[in-house]
Amino acid sequence: MTNNAIKKANTAPLWLVALSILLPTSFACLATSATNVAIPHISGYFGSTIDEANWIITSYMIANSCLILMSGWLENVLGRKRFLKIFIGIFTLGSLICALAPNLNLMVLGRLIQGIGGGPMTPLAQSILLAAFPQDKRGIAMSLYGIAVMVFAILGPTFGGFIVDNADWQWIYLVNIPVGILSISMVHANIEELDTRKKINKTDYLGMISLILWLLSMQVVLDKGQQYNWFDCAWISWLAGFSVCMLVFFIIRELESSSPLINLRLFKDRNFLIGTILSSSINMLVFSSIVLIPQFLQNMMGYTAILSGYALAPRIISCVLMMLAINPLMKIFDNRILIAIGFFFLGISILFFINLNLSISFIYIAIPQVLMGVGVIMTFIPVSSLVLGTLPKTELTNGSSLHNLCKSTMTAIIASIASTLVARHSQMHQVYLVENLSNFSLTFQHKFSALLSTFITDSSSTYAAIKANSYLYKSLLTQSRLMAYVDVFEMFALIAFLLIPLAFCFKVNCTPEKKLTEHQAHHV
């Protein structure tokens, strides 16, 4: 890089550069989860089923994942500054279409456009911050990145719940329009073009097509699998096989191509590999709770959308407080120790939910959210600092794109798998619990007699018996679903604890410059 380019890159203050890129990034992350709690309202507005309305979420995630991986290539083609302004504009246009959509089809199209615009924001923000901030301030950079990415994603259900309970759901998308316009002007004024673009001789269109086909088919399988009983359905099985074939073809194509869409050989870097595994696992643990906890509170506890959002709000507070403390902690302690402690906090917070029952208080839900907020920041920020720290600066955008694709894919998978696990385990518990609804059970006879005497006061004996049986069967379904939630939370808690040793596989204090020196010394 020339001295003129370096001088030009440093004309804007660091805080202004960070604000310019993190403002659109934070609202792109907010759009990922804010829509979830509004799906019943949106489906009612358009007169569609919940399954049809779920395409509003699916279309965003498909477009988001595709553009995440292509962000490095697009930045090289368009240039960083033009790239940012174009895609912030696309995100803003998608938000406007969603807000004004007269039917579900246009709503899905709007979300698809919104996902195209929002996808590149996350990886590009990470690479810009790591390149702009000096080595000794990377902890601050990743703290700011964590606020935009993780805190705003966690804030999504609370924000969406507040909107749908106090205003029209369209405001979830309308708020993005002034933010998008402001972001474009800030990027134009503060983000400078750097002289690090690679010359692209050939575009890997075949790799791009296979990537899109893989993600599209995988998302349809994940979205419709439970509805059609997974691999008992022929077309789900064929589509799943096609998805696997496209994934294998994409990997082989990118490894063999002379001008790959993305450099998969970055996984040879140990920090990048371990960091990607841990970051994807953090997303899995966090977003599984974002899916399951509001689902449990609304479907089984009778909470409104805004109350279920408020139940997750304490983790936002602890996240923000930990943001203030994490940078000093990273300077004092080994980052690997902080990551291990963070996974311990995540495991403990999830373990709270193995004692779920239908009499729990709001406080019982709120306390583990505080612990989870602490665990999220203690893992996410140190991992974000280490995962790209040993890559050359020319590979930061590619590395960030690949890293964020893995996280986005894990989020999409876990959103479907978590609900499927609850449904499957609920059916399993029903099989075992139904044995207790028998005349050979003294407990059942006693409860049935008590209910029969209650219902018979205002109805015939036959109708009272039907009501008593229905009540007991409904109780069985409720208890089996409750036990299913407990099973799933136990699984995720176990995963969190098993990931603790992996934190110590990171290499620390090993920068690309140091690695180069070691390589030169070896040859000498």
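Each reported figure results from applying straightforward, stated rules to the coordinates on display, with no laboratory input. Quick caveat, the model's predicted, so the values are computed rather than measured. Using ideal geometry, Cβ is built from the backbone for each residue, glycine included, and neighbour counts are taken over all protein chains shown.
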Legend entry - Mean shadow area of segment 129-182, taken as a quarter of the surface of its Cα convex hull (nm²): 4.7 nm²
Legend entry - Local electrostatic count, L255, Cβ distance below 12 Å [Lys/Arg +1, Asp/Glu -1]: 0
Legend entry - Cα-Cα separations in segment 246-376 greater than 18 Å, expressed as whole percent: 64 percent
Inset, instruction - Only helical DSSP H runs with n ≥ 4 go in: add -39500 (n - 2.57) per run for the chain, normalise by residue count and round the 222 nm mean residue ellipticity to 500 deg cm²/dmol. - result: -26000 deg cm²/dmol
Inset, instruction - Among (i) 33.1, 104; (ii) 22.1, 70; (iii) 25.0, 97, find the value of Rg and Dmax of the Cα atoms in Å that was calculated from the structure presented, and write down its label. - result: (iii)
Legend entry - Pairs of alpha carbons in segment 204-258 whose separation is greater than 19 Å (percent): 32 percent
Inset, instruction - For each pair in K85/K137; K331/K407; K81/K507; K224/K467; K407/K507, compute the distance between the two Cα atoms and list the pairs where it is over 23 Å. - result: K85/K137; K331/K407; K81/K507; K224/K467
Inset, instruction - Go through 54-63, 298-307 and give me the packing order, highest mean Cβ count within 10 Å leading. - result: 54-63, 298-307
Legend entry - Most positive-pole-ward Cα, P134, V508, L351, against dipole of the chain from beta carbon charges: P134
Inset, instruction - Could I get the Rg over Rh figure for segment 43-115? Both from C-alpha atoms, Rh via Kirkwood, rounded to two places. - result: 1.08
Inset, instruction - Find the relative contact order for the chain and round it to a whole percent, using C-alpha pairs within less than 8 Å whose residues are 6+ positions apart. - result: 19 percent
Inset, instruction - For the chain, find the longest principal axis of its Cα atoms and tell me its angle to the long axis of helix 152-166, 0 to 90°, nearest 10. - result: 50 degrees
Inset, instruction - Based on other C-beta atoms within 10 Å, arrange F296, F352 from fewest to most. - result: F352, F296
Legend entry - Cα shape, segment 429-480, gyration tensor, a/c 1.5 rule: prolate
Inset, instruction - On a 0 to 90° scale, report how tilted helix 205-224 is relative to the longest principal axis of the chain, with both axes built from alpha carbons and the result rounded to the nearest 10. - result: 20 degrees
Inset, instruction - Arrange V108, V431 by Cβ neighbour counts within 10 Å, fewest through most, would you? - result: V431, V108
Legend entry - Highest to lowest packing among 400-409, 206-215, 179-188, 462-471, scored as the average C-beta count within 10 Å: 400-409, 206-215, 179-188, 462-471
Inset, instruction - Working from Cα positions, state the angle (0 to 90°, nearest 10) between the long axis of helix 14-34 and the longest principal axis of the chain. - result: 30 degrees
Inset, instruction - Please order I413, I90 by the number of other Cβ within 10 Å, starting at the fewest. - result: I413, I90
Legend entry - Debye, to nearest 20: dipole size of the chain, +1 on Lys, Arg Cβ, -1 on Asp, Glu Cβ: 1120 debye
